[in-house]
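Worksheet: one structure, shown below.
Laboratory data are not the source of any read-out in this text; all were calculated from the coordinates shown. Quantities reported herein were computed from a predicted structural model and do not represent experimental measurements. All Cβ positions, even for glycine, are placed from backbone atoms using ideal geometry, and neighbour counts span all protein chains on display.
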Amino acid sequence: MEIIVQKNSEAATEIVARIVAQLLRKKPDAVLGLATGSTPLLLYKKLAEMKLDWRRATTFNLDEYVGLPPEHPQSYHHFMWENLFRFVNIAKKNVHIPDGMAKDIPKFCAQYEKKIRAAGGIDLQVLGIGSDGHIGFNEPTSSLMSRTRIKTLTPQTRRDNARFFRNEGEVPYHCITMGIGTIMESRQCLLLAFGQNKARAVAGAVEGSITAMNPASVLQMHPVAKICLDEGAASRLRKTDYYRWVYANKPD
Ligand code: GLP
């Protein structure tokens, strides 16, 4: 795990944007795993400004709310088209986002997994983290081997995400999310976390034990995981000086 602590979210995002851009330049048919939420917004803005060639790229999003159609303003379909896809030349057929309106959810989830495999697997997975340590929508106690499936959101996640809806009552109770096992198969994971309200989850994920109670802690087992933080999100880490030192003295 590489822990990268930057002064602010802008600097942390810049690092991630450069890594994504480098991948797309080196491998134009790269398969990207993408996240939603407020955290990657600046990343998508920067990527859109970079004028990269997305024609041959493929994307798989982590999750979607069950019951929200793609045109719903709070759906992750809408989020992705609004904040990234409409600004880049990606082919619509190469965009994959779980279908929250799927009639047969287990069947849809199995097909989603199959499509990821058929695309050659995910080269780079962008992740945020929930204040309870969730990645995708893999809430605490999610199996660390889980695959894409339906999950129930915790009351805390529903409260956290209520800010995007008119009121908490509108937040769906269920979602479809890539599993932790699915995420762990991606070749590289880049987790972004900003702000003090992520500090506890980040400290648990980075310096705590690997536990399903903090799903992001599983990244300790991933061979290529980078955790990009601003000072707020890093504020409960005990070894920040060491992480900074390692980053400053990284081999070329
Ligand atoms: C959301 C998403 C996650 C995201 C997390 C944090 O509910 N399902 O993929 O990483 O919660 O969201 P935010 O970036 O808005 O804090």
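Run through the stretch 130-200 and list the trypsin sites (Lys or Arg not before Pro) located in a DSSP loop whose Cβ has at most 10 other Cβ atoms within 10 Å. Display every interim value, and only then the final one.
Values: sites: ARG147, ARG149, LYS151, ARG158, ARG159, ARG163, ARG166, ARG187, LYS198, ARG200; in loops: ARG147, ARG166, ARG187.
When the trypsin sites (Lys or Arg not before Pro) of the stretch 130-200 are filtered for loop state and at most 10 Cβ neighbours within 10 Å, ARG166 remain.
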Low-density loop cleavage sites - GluC sites (Glu not before Pro) in the stretch 55-136, where at most 15 other Cβ are within 10 Å (DSSP):
GLU71
Taking 0.36 nm per residue of separation between LEU41 and ILE210 and subtracting their Cα-Cα distance, the length gained on full extension comes to 58.0 nm
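Among the listed pairs LYS45/LYS250; LYS26/LYS107; LYS115/LYS226; LYS27/LYS103; LYS114/LYS226, give every one whose C-alpha distance is greater than 32 Å.
Details: LYS45/LYS250 28 Å; LYS26/LYS107 34 Å; LYS115/LYS226 25 Å; LYS27/LYS103 35 Å; LYS114/LYS226 26 Å.
The answer is LYS26/LYS107; LYS27/LYS103.
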Out of the chymotrypsin sites (Phe, Trp or Tyr not before Pro) in the stretch 176-252, which ones are loop residues according to DSSP with at most 15 other C-beta atoms within 10 Å?
none
Candidates PRO215, PRO223, PRO98: whichever shows maximal mean-square fluctuation once the chain is modelled as a Gaussian network with Cα springs under 10 Å:
PRO223
Segment LYS51-ILE19, extension gain: residue separation times 0.36 nm, minus the distance between their alpha carbons:
10.1 nm
Would you mind estimating how fast the chain diffuses translationally, via Stokes-Einstein at 25 °C and 0.890 mPa s with the Kirkwood radius over Cα pairs, in µm²/s?
135 µm²/s
